[in-house]
Amino acid sequence: MSTSSNTAPSAGPRPPEFATWMKQGNNITQQFLSFGRRPGPIVLSGGLPAPELYPISDVQEAARDALEKHGSAALGYGAVEGLFDLREAIAHRLSTDRLSLAPENVLITTGSLQAVELIGKALIDPGDAILAEYPTYLGALDAWLPRLPRYAELPHEAPWPEAKFAYVVPNFSNPTGAVLKRKAREALLSRSAESGIWLVEDDPYGELRYEGGVQPSLLEMSAVPGTAIYEGSVVHLGTLSKTIAPGLRVGWAVCAPDMIRALAQAKQGSDLSTSTFCQAVALELIRKDADRRHVPTLIDAYRERRDALCAAAQEHLADLFEWSVPEGGMFVWMTARQPGLDTYALLPFALEAGVSFVPGSVFDSRGLVSPSLRLNFTANPPDILQEGVRRLSRAAREFASRQAAAE
Ligand SMILES: Cc1ncc(COP(=O)(O)O)c(C=O)c1O
């Protein structure tokens, strides 16, 4: 497995219009997330946790301990790879009977999105192929856009075409909420091993499981038991954004030491290091297991919110859209029953009715028209979610009748 860039491989069709299309969107991530930061519509478009559930007193205590214990080290520049103790704590936490991790396997990043970006910086030359699902995480598409990659659909069964890496969100994917079952995970790992292509496992939502059995991580499944340091082909990404708070901006990449070195080199020119203060706070939180102790509170609240949104959708949207109830995460992915419906065109009607969602086309690296949309259920209480769904139903009906009148 090599981290150095080589000549452009030939996998898949290249969509030359994609970069232009994304650029015309004038930073689409920003556009959709920003609905959440101003008064107005009920925001079902954000990807945000519930702010009223941030464990503020735990963070307060950790911040005090961070300054008391780490002193000026918590306020200075730090090593680009991250605080050694935090790397060690994460290595220790993720190690299992079959997976043995050392601090050399861990890079601390400024949120896991920075790890996503650094992977692009370290690996992608213009025209290189990335294997990703359609649809895939918008933040990753944004992060890699300046590197001008091309995308090929990640084949679950067939052999992989040549590519720099494959990218998956295996637990409660953003945007679809889907989970990769064990067999699909095994298939991905054999394809990665036989092709020598890095497999990026982006897992911000794995702990937010409301029902169903836990799947082993690709990282753990790819480990060779008995080895002291992980040397496999998976690059596993984690974060405290969903279990503590996104404002901490502490995430991590866990992978083979040679990839850690490549990512650290890429990070050097980005921010020198992740905030040492935030890392020290994260270390204190993790030492006390504060994030894991907080998860049951999140699960209870988010399960109730998911159920409220899905029940309202069953009542008001079932004739227009179909969806699967996600077993975890933050999103419900709905697809219009009417073939060819463009949810991008529906959006202005929804905003007019006082609700926002993210149209499916922005998660498609080809920029294709999409009949799907993403609704977030974690950032609003049940009654607001229910009202949001009622507004969406009104908007969708108004949209359909305008379309019918125009035909
Ligand atoms: C799939 C995925 N990866 C990464 C991130 C980024 O999270 P962080 O706050 O750790 O940068 C998100 C955030 O929504 C996400 O959905």
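Ranked highest first by the average count of other Cβ atoms within 10 Å around their residues, in what order do 389-400, 355-366 fall?
355-366, 389-400
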Solvent-accessible area per residue, Å², over region 56-291 with all protein chains present [probe radius 1.4 Å]: 37
Helix 382-406 axis, angle to the chain major axis (alpha carbon atoms, nearest 10°): 50
Neighbour cut-off at most 14 other Cβ (10 Å), DSSP loop, trypsin sites (Lys or Arg not before Pro), region 302-349: 337
Extension gain, residue 125 back to residue 75 (0.36 nm per residue minus Cα-Cα distance, nm): 14.4 nm
With every protein chain in place, the chain: carbon and sulfur % of accessible area (1.4 Å): 53
Principal-axis tilt of helix 111-123 within the chain, Cα atoms, nearest 10 degrees: 80
Gained length - residue 153 relative to residue 295, 0.36 nm times residue gap less alpha-carbon distance: 47.8 nm
Among 278-291, 181-194, the order from most to least packed when residues are scored by Cβ within 10 Å on average: 278-291, 181-194
Nearby lysines by direct alpha-carbon distance to residue 288 (threshold 27 angstrom, same-chain neighbours under 8 apart not counted): 69, 242
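The values are calculated or read from the model by the stated rules, or taken from the named source; none is laboratory data. Given the structure is predicted, the values throughout are model-derived calculations rather than measurements. Positions of Cβ are backbone-derived with ideal geometry, glycine not excepted, and every protein chain shown enters the neighbour counts. The protein model used for the area step is the full one, side chains on, heavy atoms only, and it has no ligands, DNA or RNA in it. Shrake-Rupley method; radii C 1.70, N 1.55, O 1.52, S 1.80 Å.
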